[in-house]
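Only one structure is covered here, and it is reproduced in the block below.
The values are calculated or read from the model by the stated rules, or taken from the named source; none is laboratory data. What you see is a predicted model, and the numbers here were worked out from it, not measured in a lab. Cβ sites come from the backbone with ideal geometry, for glycine too, and all protein chains shown count toward neighbours.
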Amino acid sequence: VSSPVTFYERVDKALKDRALGAAMSRATTTLMAGRRRGFDGLAHADEIRDHARAIRAHTVARLGDYLRQFEAAVTARGGHVHWAETAEQAVEIVAGIARQHGCRTAVKSKSMVSEEIELNDALEKAGVDVLETDLGEFIVQIDRDHPSHIVAPIIHKSKEQVAESFRTKLGATPDDLKDVPSMTAFARRALRAGFLKADMGISGGNFGVAETGSLCIVTNEGNGRLTTTLPRVHVALMGIERLVPTLADLGVMLQILGRSAMGQKLTVYTNIISGPRRQHDGSGESDGPDHFHVVLVDNGRSRLLGGELAEILYCIRCGACLNACPVYQQVGGHAYGSVYPGPIGAVLTPGLRGLGEWSDLPQASSLCGACREVCPVRIDIPRMLLSLRDRSTEEGETPSWVTAGLWFLRYLAERPRAFRLAQRAARVASRAASRDGWISFVPGHLSRWTDRRDFPALAPRSFMERWEARTR
Amino acid sequence: MTDGRFNVLASIDRQIRLGGLPPAASLEHPGPPPVSDVVGDLAARFEAEATALAVTVHRARGDAAAIDTVIALLRQRSATRVLAWDADWLNCPGLADAIAGAGIALESCWMPSDPEARRARLAELDPVPVGLTGAVAGLADTGSLAVISAPGRGRMASLLPPAHIAVLRAAQIVPSLPHFLASHPDAADAGSNLVFITGPSRTGDIEMTLSRGVHGPGVVHVVVIE
């Protein structure tokens, strides 16, 4: 997804886009209000969140053991487990499964891991047609766009934009487009046709249950169930960290996931799959896939273990930190330029892929702590943003003008006479540049501050001068 | 892909040995989850929660009343076919026979493995207007149905048609999801699919505007037999 356009250029573009601003404001306000209502009705909410955090911490600390247990349990129920170290291995595994079962068409329910490994492009190259079936992801697919929220992928689009895509790309009639429910019904018909003929269903996995080898997929639309029921082959992609030890532990997670994401007590379809349909000699379960594969994707996750970013592996992908973040609320998901946007993305993306081209993301935060406040498992995102900023300074990825500025400041601070001289010079400059006590333009790199905010003019007398006057 | 397995597990074990996990009071498993009791009439709470989600709840006094309700609902939707679970699993003795007696054909969820036969069978079932199932439990505090698929209890009956009718006995209603999981420890092993259905299919993807029935049933009726 990375582009030659810089983070700051994307932010500027987003801030100038009034339609985007309106869409982001409407969506994040609705989602945050929903979340508050959801938790208001939950007795012992704090206790449940603490409990959920403890489950995640415990599981991540013993991840190797639980993965082995999960693999054994999936296998015992007739499923297959595959392990992918990298994105390339993961897509190769999925393409291999498609070849093995002779699959030419696939329906897909929402999976952030599949975005991360860029699965659709790879499958198209391997001759498999992929149809995104989550309504938002379907619209992203026909628009050749990218999701801008991990739960609500087209949070950045208006209904007029969607209607235009349906009209020009799918031949929708004015009747199909007269309101949002009609547009949804139109999409249902288009997607149902895809479901009825697909050979393969591809899903993500919200959780894996180590004890039972079960995979939990939550959707509101029901596309997660259709994807994992109608086609004869089901392939699930899941990050290696997404396990919980037992079904009872899963119950704890489910109580907070729907509430945090959309303010729902439970997501409409909480789907728990344990192996392919069970059949013996043509009798047994009537429907469901004959083949069930789980692909466990590492792609940089295991390297986070044992380090200061390990806590990001507790994340259950509810999206609450995005909705709560004042930066995300303003700029939307695309400005981040990464698959995972918002506060979680600002930690996860440099964590998985290295600071390199992602060194700006940890700066996309005011460190206000709203993300930590709403996180259902209380992940300390600001702590990790700070440690990434530290690391980026140590790795020398700070712009040279900042380094030079800090060197100059230190030079002055060690030389009292030079410091006072510089103060006086700054005061003269400040007086010339300010109006009514505020400076609204500074040339050079510091204009990045004054482009968006005024800076207070320097006081007529410095602290040291006043102190000396008092003690004289 | 044994290499992938070996390398991923080796990397995990090595990194965990390096230590430095985030601050936590304890890394032990926290034990059984906090469970709060739902006080009062469970069926009433179930009805209130489900109704708030746009599920229509019908309270029926006895099997005969439930049968009348289901047949009336099927007629209301002009159903000549219904995608249904086997009679034994409908939570209401005599219901399947009564439906057949009313001239409505009961279709099973049977799916062949052969790709072409499977597509043909799906094309045949897709127009069926109503699905009919029992349920293993109702969850009072969320208004959810707990549905297990197993022989005679297909997944598609609660999924493929635009309307779903579920029959539940009032005694099957438990306070909450944690209560259900504690009282059904074999829930994941009873069949390949356990699903909690909480209201009709919905989406808010376009401008956060609620639309029902995007993929799953947009209409859900629950008949609670007391």
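Some points to look at:
- Qualifying residue in the range A:277-288 (condition: more than 7 Å from chain B (Cβ to nearest Cβ) and over 23 Å from residue B:187 (Cα atoms)): yes
- Complete set of residues in the range A:237-261 that are more than 21 Å from residue A:83 (Cα to Cα), within 7 Å of chain B (Cβ to nearest Cβ) and touching a residue at least 12 places away in the same chain (Cβ under 8 Å): A:247, A:252, A:254, A:255
- Subset of the range B:22-44 [at pLDDT 90 or above, touching a helix residue (DSSP H, G or I) at 6+ places or on another chain (Cβ under 6 Å) and over 28 Å from residue A:308 (Cβ atoms)]: B:43
- Of all residues in the range A:264-310, those being at pLDDT 95 or above and of a type in the set (Asp, Glu) number 4.
- Taking the criterion of being among the hydrophobic types (A, V, I, L, M, F, W, C), within 30 Å of the chain's Cα centre (by Cα) and surrounded by 14 or more Cβ atoms within 10 Å (Cβ to Cβ), the residues of the range A:370-420 that qualify are A:370, A:371, A:374, A:375, A:377, A:379, A:381, A:384, A:385, A:386, A:388.
- Of the residues making up the range A:42-53, one or more are within 9 Å of chain B (Cβ to nearest Cβ), touching a helix residue (DSSP H, G or I) at 6+ places or on another chain (Cβ under 8 Å) and not hydrophobic (A, V, I, L, M, F, W, C).
- Looking across the range A:80-94, just one residue is over 18 Å from residue A:275 (Cα atoms), touching a strand residue (DSSP E or B) at 6+ places or on another chain (Cβ under 8 Å) and more than 10 Å from chain B (Cβ to nearest Cβ), and that is A:87.
- Residues of the range B:52-64 that are more than 24 Å from residue A:269 (Cβ to Cβ) and surrounded by 15 or more Cβ atoms within 10 Å (Cβ to Cβ): B:59, B:60, B:63.
- Residue within the range B:164-172 that is in contact with a His (Cβ under 8 Å, 6 or more places away or on another chain), facing another protein chain (nearest Cβ under 9 Å) and surrounded by 24 or more Cβ atoms within 10 Å (Cβ to Cβ) present: no
- Test: residue in the range A:139-149 that is facing chain B (nearest Cβ under 10 Å) and of a type in the set (Ser, Thr, Tyr): no
- Residue in the range A:269-289 that is in contact with a Ser or Thr (Cβ under 9 Å, 6 or more places away or on another chain), buried (at least 24 other Cβ atoms within 10 Å of the Cβ) and at positive phi present: yes
To keep it simple, each residue is scored yes or no on (1) modelled with pLDDT under 95; (2) more than 7 Å from chain B (Cβ to nearest Cβ); (3) surrounded by fewer than 20 Cβ atoms within 10 Å (Cβ to Cβ); (4) within 28 Å of the chain's Cα centre (by Cα).
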{"position": "A:168", "(1), (2), (3), (4)": "no, yes, yes, no"}
{"position": "A:177", "(1), (2), (3), (4)": "no, yes, yes, no"}
{"position": "A:198", "(1), (2), (3), (4)": "no, yes, no, no"}
{"position": "A:201", "(1), (2), (3), (4)": "no, yes, no, yes"}
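- Residues in the range A:66-79 that are within 11 Å of residue A:210 (Cβ to Cβ) and more than 9 Å from chain B (Cβ to nearest Cβ): A:66, A:69, A:70, A:72, A:73, A:74.
- Test: residue in the range A:188-197 that is under 25 Å from residue A:93 (Cβ atoms) and touching a Gly at 6+ places or on another chain (Cβ under 9 Å): yes
- Of the set (1) within 7 Å of chain A (Cβ to nearest Cβ); (2) touching a helix residue (DSSP H, G or I) at 6+ places or on another chain (Cβ under 7 Å); (3) in contact (Cβ under 8 Å) with a residue 24 or more places away in the chain, all apply to residue B:209 but (3).
- Check on residue B:192, under 16 Å from the mean Cα position of the chain (by Cα), polar (S, T, N, Q), farther than 19 Å from residue A:110 by Cα and facing chain A (nearest Cβ under 7 Å): yes
- Residues that are more than 14 Å from chain B (Cβ to nearest Cβ) and surrounded by fewer than 24 Cβ atoms within 10 Å (Cβ to Cβ), drawn from the range A:290-323: A:316, A:317
- Annotation note: of B:146, B:100, B:65, B:43, the sole residue that is within 30 Å of residue B:189 (Cα to Cα), among the hydrophobic types (A, V, I, L, M, F, W, C) and out of contact with any Lys or Arg (no Cβ under 8 Å at 6 or more places or on another chain) is B:146.
- In the range A:196-243, the residues that are β-branched (Val, Ile, Thr) and over 30 Å from residue B:209 (Cβ atoms): A:209, A:212, A:233, A:235, A:240
- Residue B:145 crowded, with 24+ Cβ neighbours inside 10 Å and facing another protein chain (nearest Cβ under 10 Å): no
- Residue satisfying condition, being touching a Leu at 6+ places or on another chain (Cβ under 9 Å), free of Cβ contacts under 8 Å to residues at least 24 places away in the same chain and surrounded by 14 or more Cβ atoms within 10 Å (Cβ to Cβ), within set B:123, B:96: B:96
- Residue ID - nearest to the other protein chains (Cβ to nearest Cβ), chosen from residues in the range B:24-58 that are under 17 Å from residue B:219 (Cβ atoms) and in a loop (DSSP other than H, G, I, E, B): B:53
- When the criteria are applied in full, residue B:116 fails the requirement of being buried (at least 19 other Cβ atoms within 10 Å of the Cβ) and within 11 Å of chain A (Cβ to nearest Cβ).
- Candidate set: the range B:173-188, residues that are in a loop (DSSP other than H, G, I, E, B) and facing chain A (nearest Cβ under 7 Å); chosen: the one farthest from residue A:223 (Cα to Cα): B:187
- Segments classed as helices (runs of 4 or more DSSP H), wholly inside the range A:350-456, with at least 2 members that are closer than 30 Å to residue A:321 by Cβ: A:370-374, A:381-394, A:447-450
- Any hit, the range A:116-130, residues being under 23 Å from residue A:23 (Cα atoms), of a type outside the set (Gly, Ala, Ser), within 14 Å of another protein chain (Cβ to nearest Cβ) and out of contact with any strand residue (DSSP E or B) (no Cβ under 6 Å at 6 or more places or on another chain): no
- The range A:451-468, subset among the basic types (Lys, Arg) and at pLDDT below 90, residue nearest to residue A:432 (Cα to Cα): A:461
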